[in-house]
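The values are calculated or read from the model by the stated rules, or taken from the named source; none is laboratory data. Note that the coordinates shown come from a computational prediction; the quantities given were computed from them, not determined experimentally. FYI the Cβ positions are ideal-geometry reconstructions off the backbone, even for glycines, and counts take in every protein chain you see. Note: areas computed on protein heavy atoms with side chains; ligands, DNA, RNA excluded. Shrake-Rupley method; radii C 1.70, N 1.55, O 1.52, S 1.80 Å.
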Amino acid sequence: MLQHVLSVNQYDRDSLSELFTKADFLRSMLPEDIYSRKKHKRIATIFYEPSTRTRLSFESAAQSLGMDVISTENAKEFSSASKGETVEDTVRTLGLYTNGIVMRHYITGSIAAASEVSEVPIINAGDGSGEHPTQAFLDLYTILRELGTIDNITIAMVGDLLYGRTVHSLTRVLKHYHNIMMYFVSPPVLAMPPDVLDDIKDVDNIRVEATENLADVLGKVDILYMTRIQRERFPTDEEYLKYKDIYTITPESLPQMRDNARILHPLPRVSEISTDIDTDPRAAYFRQAQNGLYLRMALLDQIIS
Ligand code: NCD
């Protein structure tokens, strides 16, 4: 059966757990022992927005499983989109050459729409300010590896909760875990959008509190999930500049945090995490980026046939 990965809402606790177990398994294997798993298969990565980790970890993951990769990393300019081709026609064509498509697009919902005409599985690698399901999977996988559990945690999501697609996916997917306390830390104009809040409003095991004040929650959290203010999604640069440095984690923030807390960030960071804290054991964002490689290997292993 064709299995697209469009939203975290397609996943439950069991399917997530299966993914994490597979990621651990692939991580434990020697490169030569996994190299033939997907030999003679090919994926396309087509990105209409910039990316470092998502595209390159997908490509590395595919190659580690023996797949070929074809790619357009600046599809807005270099694909036939610049000539007016629809995403649907692009997807139909890529399905003739490959066994799967990893796509990022600047329009929310466009990847789901394109998947309807696709003959091969499509993975949403970020659609505008909509969702970024594979980032949420690797975020959960990181929490599991760092804390040993995803249940009974207190998490603060900090920064641009309005436009940040990673926190939209992460918030939704946390509903599968027990006793979750979420702090949404943002200025009111960058608050979590109503459609995401609606998705978790009747969920008993999640408690939510919105605040503007980061200092108030620093000492309460197991996971501090920092995000970038999404400059490219603001109506004007002037508006962006008002918020760009609103929350920053510096060496002075660390003593206020729990010793066993972890700081995550989907990356890229701009000014919200000082590089001076990178060597603190609680700074887990580069381990998180590496977990993305194994998690995406697991995902490709599951859905590319
Ligand atoms: C994020 C994204 O593209 O949504 N990056 C990523 O995939 N790791 C976060 C961001 O761009 O701020």
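Here are some notes:
- Pairs where the first residue, in segment 5-32, is touching a residue at least 40 places away in the same chain (Cβ under 8 Å) and the second is assigned to a strand (DSSP E or B), C-beta under 7 Å, 6+ apart: VAL5/ILE123; VAL5/ASN124; LEU6/ASN124
- Residue list for segment 46-64, restricted to those being hydroxyl-bearing (Ser, Thr, Tyr) and outside any loop (DSSP other than H, G, I, E, B): THR54, SER57, SER60, SER64
- Qualifying residue in segment 157-172 (condition: in contact with a Lys or Arg (Cβ under 9 Å, 6 or more places away or on another chain), within 22 Å of THR248 (Cβ to Cβ), among the hydrophobic types (A, V, I, L, M, F, W, C) and away from the ligand (no atom under 13 Å from the Cβ)): no
- Exclusive hit being within 16 Å of the ligand (Cβ to nearest atom) and free of Cβ contacts under 8 Å to residues at least 60 places away in the same chain, set ILE123, ILE107, ILE111, ILE101: ILE107
- Top-ranked residue in segment 259-303 [being among the polar types (S, T, N, Q) and in a helix (DSSP H, G or I); ranked as nearest to the ligand (Cβ to nearest atom)]: GLN288
- Pairs linking a residue in segment 240-267 that is of a type in the set (Ser, Thr, Tyr) to a residue that is open to solvent by 40 Å² or more (accessible area, probe 1.4 Å) and more than 16 Å from the ligand (Cβ to nearest atom), with Cβ atoms under 8 Å and 6 or more positions apart or on different chains, are TYR243/VAL189; THR250/ASP276.
- Where SER17 falls short, out of the listed (1) under 19 Å from SER169 (Cα atoms); (2) small (Gly, Ala, Ser); (3) outside any helix (DSSP H, G or I): (3)
- So ILE43, is it open to solvent by less than 10 Å² (accessible area, probe 1.4 Å), farther than 19 Å from PRO266 by Cα and either part of a strand (DSSP E or B) or away from the ligand (no atom under 16 Å from the Cβ) (or both): yes
- Across segment 229-258, the number of residues qualifying as over 20 Å from PHE184 (Cβ atoms), within 16 Å of the ligand (Cβ to nearest atom) and acidic (Asp, Glu) comes to 1.
- Scope segment 141-156; condition under 30 Å from LYS242 (Cβ atoms) and within 16 Å of the ligand (Cβ to nearest atom); matching residues: none
- Any hit, segment 15-37, residues being closer than 23 Å to GLU119 by Cβ, buried (at least 20 other Cβ atoms within 10 Å of the Cβ) and touching a helix residue (DSSP H, G or I) at 6+ places or on another chain (Cβ under 8 Å): no
- Pairing residues of segment 180-206 that are of a type in the set (Phe, Trp, Tyr) with residues that are open to solvent by 20 Å² or more (accessible area, probe 1.4 Å), at Cβ distances under 6 Å and at least 6 apart in sequence or on separate chains, gives TYR183/GLU209; PHE184/ALA210.
- Taken over segment 246-258, the residue count meeting the criterion of being open to solvent by less than 30 Å² (accessible area, probe 1.4 Å) and in a helix (DSSP H, G or I) is 1.
- Residue list for segment 61-83, restricted to those being in contact with a strand residue (DSSP E or B) (Cβ under 9 Å, 6 or more places away or on another chain), modelled with pLDDT of 95 or more and open to solvent by less than 50 Å² (accessible area, probe 1.4 Å): ALA62, MET67, VAL69
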